[in-house]
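Taking it in order: structure first as structure tokens, then the write-up.
What follows draws every value from the coordinates through simple rules; no lab data is involved. This one's a predicted model, so the numbers in the text were calculated from it and none came from an experiment. Here Cβ is always computed from backbone atoms with ideal geometry, including for glycine, and neighbour counts include all displayed protein chains.
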Ligand code: HEC
Ligand code: HEC
Ligand code: HEC
Ligand code: HEC
Ligand code: HEC
């Protein structure tokens, strides 16, 4: 007996003969079917996954979770079945008694080959069909509507941003295989959370998992190439009967990255390095170290930077996203959102009290989007119907259009289903709606030799007109509105 065993393991056809014999049992066969299914399906998904996988979280689940799980289960079942058979035969003393040669006449070999053959063909037919059906489903708008519903706020803002043609993965998935796999794992975790409804609402800002900003942004915006000055005009409307319009005109000192002037010149020019410490949400910044291109460092600290507090702040190096926090998901505070709507005539500024009443309606709370759909336009109509009957009669169309416009302002910024309300996602680019630049530039951050981080208005922008009805400068530029 022992002699024969050692011969079969070592001889020609080596270990295959006992393998085929032992594998001929139900558990191992199930294992083989799982292995073939996982293998064939993997081959089908692979090209789709490499082509566009990163943008399809469901595909990620299949590719990184279900197929590997199936594969490893199969891989475990095959030896398990063999081991049980081995033990059984050893007990009954029938182990390897008569091992037929590995020829087609061997029924065990025939069964195994047939099983794997049928499973493969079946998988190719089924897999081929499903891959095709799944891919066309995922390419459809319906998929995004259902699968990414938790992203509705970000998606809504994104389609109105200058980055609407930049795929999500450009900013959210780093370059290289490692970042790709990491993002897949996160995606799987996120999908599980969505399935079991255990995710956080609003979705937390992924400050830690965004790919390095400079690497991302500089693919398209090369800091040495943009700069100079930029004229900006803000339209504001007062909360009076006429919704009095006033304009603010600033010349932004954008500054090129290669010159150490202006906003970019001082923060992202070559050689400049700014480190800071902040709370996890980066709203409070009590400590900053500025290293100039010449390598000179200055440390600034505010009153909050005490020995006891220091441990609760995280350190970071400043990059584009510390100012451009919302490059593609900008949400506004109600005043600004309504000012934009009034200046673009989404809400008609010639309707009396449109700003004041509109704000009141926008600020009210609505339990769901459906409720807002019903209540917001109605509240606006009702105001004119009850309190300005003449306006309502003469300008019914304007009232109706503005009522719908007001609703669109709300729907662009508030998403009760995701707990996204006014101001949940701060934009740090300025200093009027959120602390923004003034998190550092408040003249309260001092260095050991008494320097402060400047709050000089004209260091960042030239204030050419501050809330003027007809700024002279615009007239000079030939802009008459
Ligand atoms: C130009 C770069 C860019 C693109 C393109 C982009 N994002 Fe973002 N996204 C960001 C940044 C930056 C943040 C973090 C914002 C912050 O720090 O305040 C973010 C945050 C988010 C968040 C977290 C919640 C929040 O609002 O802070 C979600 C969800 C999100 N993005 C989804 C998407 C989806 C879905 C797409 C594609 C439809 C997309 N993003 C496209 C840059 C981008
Ligand atoms: C794939 C290319 C691409 C990437 C990556 C990209 N952008 Fe842009 N960005 C654009 C385009 C295109 C525009 C629109 C240009 C225009 O309006 O003149 C734009 C516009 C902008 C603007 C000007 C918006 C305005 O008000 O006019 C800012 C600011 C900006 N991007 C910042 C960023 C930041 C920050 C990142 C990194 C998170 C980034 N971009 C990544 C292509 C890109
Ligand atoms: C210190 C804050 C800060 C940092 C850091 C910063 N920016 Fe800016 N950036 C601004 C401000 C402020 C503006 C002008 C916004 C405005 O016009 O209101 C601006 C404007 C821009 C514009 C539009 C330029 C134009 O002329 O229209 C682009 C593009 C841009 N930034 C990209 C970047 C990129 C890419 C990085 C990282 C390499 C970066 N910024 C880093 C504050 C910053
Ligand atoms: C550290 C740079 C910085 C300093 C200092 C600064 N600002 Fe600004 N300010 C900005 C930026 C950036 C924006 C543009 C924000 C945006 O793009 O939405 C802005 C926008 C504004 C606006 C128009 C935005 C609005 O909503 O009305 C006004 C007005 C303004 N600043 C006034 C001032 C005044 C007055 C001072 C001096 C006390 C000052 N700023 C100091 C950076 C600065
Ligand atoms: C993390 C802290 C931090 C933030 C946030 C920050 N800055 Fe700065 N900034 C500095 C430091 C430090 C200096 C160098 C000290 C100085 O010159 O005041 C500086 C310098 C500047 C200067 C040159 C000032 C001068 O003296 O000529 C400008 C302009 C500027 N920042 C604009 C901005 C704008 C605009 C924003 C917001 C979009 C902003 N900064 C946000 C830290 C910051």
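Give the share of C-alpha pairs in each 5 angstrom bin for region 334-418, from 0 to the last occupied bin, in whole percents, shortest bins first.
Cα pair-distance distribution for region 334-418, in percent: 3, 16, 31, 24, 17, 7, 2, 0.
Once you have the Kirkwood Rh of region 236-282 from its Cα pairs, apply Stokes-Einstein at 20 °C and 1.002 mPa s and quote D in µm²/s. Walk me through the numbers before you get to the answer.
Values: Rh = 14.1 Å.
For these conditions, the coefficient is 152 µm²/s.
Could you work out how much longer the chain between residue 279 and residue 99 gets when fully extended? Use 0.36 nm per residue separation minus the Cα distance between them, nm to one decimal.
Details: separation 180, 0.36 × 180 = 64.80 nm, distance 7.10 nm.
Fully extending the segment from residue 279 to residue 99 adds 57.7 nm.
Separation between the residue 419 and residue 114 pseudo-spin-labels, each 7 Å from Cα along Cα→Cβ, expressed in nm?
About 5.9 nm, to one decimal.
Pairs of Cα atoms under 8 Å, at least six residues apart: use those to get the relative contact order of region 275-399, whole percent. Could the numbers behind the result be given before it?
Values: 97 pairs, mean separation 19.4, N = 125.
Relative CO of region 275-399 lands at 16 percent.
First measure r as the distance between the Cβ atoms of residue 373 and residue 92, then evaluate 1/(1 + (r/R0)^6) with R0 = 60 Å and state the FRET efficiency to the nearest 0.05. Display every interim value, and only then the final one.
Values: r = 74 Å, r/R0 = 1.24.
About 0.20, to the nearest 0.05.
Taking 7 Å along the Cα-to-C-beta vector as the label spot, tell me the residue 316-residue 404 distance in nanometres, rounded to one decimal.
Each label point lies 7 Å from its Cα, and together they span 4.1 nm.
If we sort 77-89, 397-409 on the protection proxy, mean other Cβ atoms within 10 Å, highest first, what's the order?
Numbers: 77-89: 16.6, 397-409: 19.0.
In descending order of packing, they fall as 397-409, 77-89.
Principal axes first, then extents: for the Cα atoms of region 282-386, list largest minus smallest coordinate on each axis, whole Å, largest first.
Largest to smallest, the principal-axis extents are 65, 32, 24 Å.
Cα convex hull of region 254-328: mean projected area in nm², to one decimal? Mind dumping the intermediate values first?
On the way: hull surface 22.5 nm².
The directionally averaged projection comes out at 5.6 nm².
List 21, 441 from most exposed to least, where exposure is judged by having the fewest other Cβ atoms within 10 Å. Walk me through the numbers on the way to the answer.
Working: 21 24, 441 18.
Ordered by Cβ neighbours within 10 Å, fewest first: 441, 21.
To the nearest 0.05, what FRET efficiency results for residue 476 and residue 429 with a Förster distance of 45 Å applied to their C-beta separation? If you can, show how the numbers build up before the last one.
Values: r = 27 Å, r/R0 = 0.61.
Working from the Cβ atoms, E equals 0.95.
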